[in-house]
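The values are calculated or read from the model by the stated rules, or taken from the named source; none is laboratory data. Nothing here was measured: the structure is a model prediction, and the numbers come from that model. Positions of Cβ are generated from backbone atoms using ideal geometry, with glycine treated the same way; all protein chains shown enter the neighbour counts. In case anyone asks, the SASA skips ligands and DNA or RNA and just uses the protein heavy atoms, side chains included. Shrake-Rupley method; radii C 1.70, N 1.55, O 1.52, S 1.80 Å.
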Amino acid sequence: QVQLVESGGGLVQAGGSLRLSCAASGIIFSINAAGWYRQAPGKQREMVARVFGGGTTYYADSVKGRFTISRDNAKNTVYLQMNSLKPEDTAVYYCNALKDWINYWGQGTQVTVSS
């Protein structure tokens, strides 16, 4: 059974930084795609960043140059380093993993950026 557990959200001022972590069990991040999505109130869930088994990364245009997704294979954990945060980054952030064509989701962690 796949389980994803996020941590690291919180309240930060605009221009600040946060790092989100996603620890996994039942799936191996080094060979499966993983990513971060977010959902703001009243909006649809959107992709923020993804990392594929071979290490290729992909970012939404709105976060390019500010966010970095990375992976620690030994810890089977995916991270999202978020710098230069803006109020519009406020959302619930969800860890995602794809295994055998099935999407798995974490419980979400709140990120709030104050202006």
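So if a site counts as exposed when it's one of the trypsin sites (Lys or Arg not before Pro), its DSSP state isn't H, G, I, E or B, and it has at most 13 other Cβ atoms within 10 Å, what's the longest stretch of the chain without one? With trypsin sites (Lys or Arg not before Pro) excluded where exposed in loops, the chain gives 1-42 as its longest stretch.
Evaluated on the chain, the Kirkwood hydrodynamic radius is 14.0 Å, with distances taken between all distinct Cα atoms.
Using 0.36 nm per residue of separation minus the Cα-Cα distance, give me the extension gain between S84 and Q3 in nm, one decimal.
26.2 nm
All C-alpha to C-alpha distances of segment 55-115, sorted into 10 Å bins beginning at zero, yield P(r) values of 17, 50, 29, 4, 0 percent in whole numbers. Remark: spin-label model distance L11-T68 equals 2.9 nm, labels positioned 7 Å along the Cα→Cβ axis. Surface composition of the chain: carbon plus sulfur atoms hold 49% of the accessible area, using a 1.4 angstrom probe and ignoring ligands, DNA and RNA.
Heavy atoms of the protein chains alone define the surface here; on that basis the chain has 53 Å² accessible area per residue at 1.4 Å probe size. Taking 14 Å as the straight-line reach from the Cα of K43, the aspartates and glutamates in range (excluding those fewer than 8 positions away in the same chain) are E88, D89.
Assigning unit charges at the beta carbon (Lys, Arg +1; Asp, Glu -1) and nothing else, what dipole magnitude in debye, to the nearest 20, does the chain show about its Cα centre?
For this selection, approximately 80 debye.
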